[in-house]
Amino acid sequence: MTTLPREILQNSRSVVSVHNVPPAVPVGMDYTLAYALRQLAAATTGYPRYLLAPEVAVLLDAVADLRQRMLFDLIWNTGARINEALAVTPEDIVLDAARPFVVLHTLKQRQQPRPGRPRKNQPVKRAVPLLDETFTVRLRDHLATFTRHRTKPVWGITDDTARNWMNIALDECQQRGIRFSIPGITPKTLRHSFAMHLAMHGALPATLQAYMGHRDFKSTQHYLRVFALDVGIGRNRGIQFTFPPDPAMLSMLTP
């Protein structure tokens, strides 16, 4: 059985070098260091459990059903909470803007609303840009194929069903001989992974807070604290979320 990641898996031993990274794999991210940092965080109380982008690619590749795959792709590309993702309608997805985006809705419980803040039980909205062009194209095709009503949720399912879908994907990974090195993977793991993917690419704390929909900055610090363990994983480069589903690439990450 393959444990992901055991080494930064690659087609050759030097895949981390600029010259040997497959064309679809972003250059400039040291996944060996990123994995080491993640393992430090996983061994420390109070840090988020997240997957690295190559691991997410392998996980998503195990989702055969297109509707299921697109739901998890949406969470990975937007950091949506599961209830936010399931509430998304075609009307919330704006793909023809200069910067495509998705509007996410959350029902926040506010005991003492401040001026300018939504009152208790009033939906809170935030717009999250879609930074990956490949995903945006696939999302457009998905909407054209599977949706008919602009105001009805794209996925008319419960959060328990979504979690069951994730378990099916994990079972498929196991059937393929793939085992991930963090336990308890759920749709929320993709939300954590989105946040850490942005943070590792140098997203400003205020930007990360806005994208994640955190009312309290302390929630954002939950992710930023990981970098107190190390620095310099990846900076000053374009962000993408589409990675080739190549289990071999992940073997470069050695526990």
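Only the coordinates and a few stated rules stand behind these numbers; no lab work does. As the structure is a computational prediction, the values presented were derived from the model and not from experiment. Positions of Cβ are generated from backbone atoms using ideal geometry, with glycine treated the same way; all protein chains shown enter the neighbour counts.
What do you reckon, is F180 among the hydrophobic types (A, V, I, L, M, F, W, C) and within 21 Å of N83 (Cβ to Cβ)? Don't jump to the end; show me each part of the working.
On the way: among the hydrophobic types (A, V, I, L, M, F, W, C): yes; within 21 Å of N83 (Cβ to Cβ): no.
When the stated conditions are applied, F180 does not pass them.
Between a residue in the range 61-82 that is farther than 17 Å from L170 by Cα and any residue that is in a helix (DSSP H, G or I) and among the acidic types (D, E), which pairs come within a Cβ distance under 9 Å, given they are 6 or more apart or on different chains?
That search, which allows pairs on different chains as well, returns T78/E84; I82/D159.
Name the pairs whose Cβ atoms lie under 6 Å apart, with the first residue in the range 156-168 and in contact (Cβ under 8 Å) with a residue 24 or more places away in the chain, the second of a type outside the set (K, R) and assigned to a helix (DSSP H, G or I), and 6 or more positions between them or separate chains?
That search, which allows pairs on different chains as well, returns D159/I82; A162/I82; A162/P187; W165/Q68; M166/P187.
Those residues that are farther than 20 Å from R38 by Cβ and touching a residue at least 40 places away in the same chain (Cβ under 8 Å), I need them from the range 189-210; list them, please. Full working, then the answer.
Step one: filter the range 189-210 for residues farther than 20 Å from R38 by Cβ, giving 204, 206-207, 209-210.
Within the range 189-210, A210 is the sole residue that qualifies.
When the residues of the range 28-86 are filtered to those that are farther than 15 Å from I182 by Cβ and of a type in the set (V, I, T), which remaining residue is surrounded by the most Cβ atoms within 10 Å (Cβ to Cβ)?
Step by step, filter the range 28-86, then rank; the result is T78.
Quick check on V58: is it hydrophobic (A, V, I, L, M, F, W, C) and within 17 Å of the chain's Cα centre (by Cα)? Explain how you work it out, then say what you get.
Values: hydrophobic (A, V, I, L, M, F, W, C): yes; within 17 Å of the chain's Cα centre (by Cα): yes.
When the stated conditions are applied, V58 passes them.
Which numbered condition trips up P183, out of (1) surrounded by 13 or more Cβ atoms within 10 Å (Cβ to Cβ); (2) within 18 Å of the chain's Cα centre (by Cα); (3) of a type outside the set (A, V, I, L, M, F, W, C)?
Among (1) surrounded by 13 or more Cβ atoms within 10 Å (Cβ to Cβ); (2) within 18 Å of the chain's Cα centre (by Cα); (3) of a type outside the set (A, V, I, L, M, F, W, C), the lone unmet condition for P183 is (1).
Taking into account only those residues within the range 137-155 that are under 13 Å from M70 (Cα atoms) and β-branched (V, I, T), which is surrounded by the fewest Cβ atoms within 10 Å (Cβ to Cβ)?
Applying the filter and picking the extreme gives T145.
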